[in-house]
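Inspection log for the structure reproduced underneath, given as structure tokens.
The values are calculated or read from the model by the stated rules, or taken from the named source; none is laboratory data. Every value quoted in this text rests on a predicted model; they were computed, and no experiment measured them. A quick note on method: Cβ atoms are made from the backbone with ideal geometry, for glycine too, and the neighbour counts reach across all protein chains shown.
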Amino acid sequence: MIGEARARGMDVTTECYPYTAGMTSLESAIFDEGWQEAMGIAYKDLMWVATGERLTAESFARYRKTGGLVAVFSIPEEVAKNAVAHALTMIASDGLLQNGKGHPRASGTYARVLGRFVREAKTMTLMDALRKMTFMPAQRLENRIAMMKNKGRIRIGADADLTLFDPERVIDRATFEEPGKYSEGIVHVLVNGRLVVKDGQLQSGVLPGRAIRAEIQ
């Protein structure tokens, strides 16, 4: 559908994250009457984030009254793989962690693509994956946000936001049970030319980032 829209001149893009589950609030309207039929899933496909337990009819009703985050396992593996690899798709993390609880995409998205989709499954090339994570998102935003013209690319004058990783070792370690676990194989991370991760270790008190804002119109 997106390809057809673009072929007709419509400015349409898309993004995804490389997981088979989404996450949202259990009290949201998504779970109003008829949600099982609408999404093609059952209570067992919902995981209460606070405890890691899969839900039942009883726990669903109980937690829905209090409200909180739930992981929704509704995306077939093949669908996720095809979406990540498609030429029109950018990679996004859309992460959320609260007190160490949340979705592993907050910690593992990009290392997961590089390790599991590029190296292991060979779903796409390394350069295609890097383009989807860096240049494509920056290019999408640069017509509205001038600062994005210095993001997502390596050249003289661009912002020195760089990630140095070992393509033979990089892999995600974050899970739905431990969503905050650091990835492996990422050696250094520089933001505005300053090391925020050095030799795989987060550097405390180093805050070189700047807000990216569009001009008010």
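Residues that are modelled with pLDDT of 95 or more, of a type in the set (A, V, I, L, M, F, W, C), within 30 Å of residue 47 (Cα to Cα) and not in a loop (DSSP other than H, G, I, E, B): does the range 122-131 have at least one?
Scanning the range 122-131 turns up at least one residue that is modelled with pLDDT of 95 or more, of a type in the set (A, V, I, L, M, F, W, C), within 30 Å of residue 47 (Cα to Cα) and not in a loop (DSSP other than H, G, I, E, B).
Report yes if some residue within the range 52-69 is crowded, with 17+ Cβ neighbours inside 10 Å and either touching a Gly at 6+ places or on another chain (Cβ under 9 Å) or modelled with pLDDT under 95 (or both); otherwise report no.
yes
If you take the residues of the range 168-201 that are outside any loop (DSSP other than H, G, I, E, B), of a type in the set (A, V, I, L, M, F, W, C) and in contact (Cβ under 8 Å) with a residue 12 or more places away in the chain, which of them is surrounded by the fewest Cβ atoms within 10 Å (Cβ to Cβ)?
Here is the first cut: in the range 168-201, the ones outside any loop (DSSP other than H, G, I, E, B) are 171, 184, 186-191, 194-198, 201.
Checking the rest, the ones that are also of a type in the set (A, V, I, L, M, F, W, C) come to 171, 186-187, 189-191, 195-197.
After this cut, where a residue has to be in contact (Cβ under 8 Å) with a residue 12 or more places away in the chain as well, the list is 171, 186-187, 189-191, 196.
Numbers: 171: 18, 186: 19, 187: 14, 189: 18, 190: 17, 191: 18, 196: 17.
Applying the filter and picking the extreme gives 187.
Which residue, of 160, 174, 138, is among the small types (Gly, Ala, Ser), closer than 30 Å to residue 100 by Cα and touching a strand residue (DSSP E or B) at 6+ places or on another chain (Cβ under 9 Å)? Spell out how you get there, then give the answer.
Values: 174 fails: touching a strand residue (DSSP E or B) at 6+ places or on another chain (Cβ under 9 Å); 138 fails: touching a strand residue (DSSP E or B) at 6+ places or on another chain (Cβ under 9 Å).
On inspection, the qualifying residue turns out to be 160.
For residue 125, are the conditions met, namely being over 23 Å from residue 204 (Cβ atoms) and crowded, with 19+ Cβ neighbours inside 10 Å?
Numbers: over 23 Å from residue 204 (Cβ atoms): yes; crowded, with 19+ Cβ neighbours inside 10 Å: no.
In short, no.
Cβ-Cβ under 7 Å, sequence separation 6+ or interchain: first residue in the range 104-120 and under 15 Å from residue 164 (Cα atoms), partner polar (S, T, N, Q) and outside any helix (DSSP H, G or I). Which pairs?
So the pair list comes out as 111/183.
Can you confirm whether the range 140-152 contains a residue that is free of Cβ contacts under 8 Å to residues at least 24 places away in the same chain, assigned to a loop (DSSP other than H, G, I, E, B) and among the β-branched types (Val, Ile, Thr)? Please lay out each step first, then the result.
Initially, the range 140-152 is screened for residues free of Cβ contacts under 8 Å to residues at least 24 places away in the same chain, giving 141-143, 149-150, 152.
Those still in the list that are assigned to a loop (DSSP other than H, G, I, E, B) too: 142-143, 152.
Imposing the further condition that a residue be among the β-branched types (Val, Ile, Thr) reduces the set to none.
No, every residue in the range 140-152 fails to be free of Cβ contacts under 8 Å to residues at least 24 places away in the same chain, assigned to a loop (DSSP other than H, G, I, E, B) and among the β-branched types (Val, Ile, Thr).
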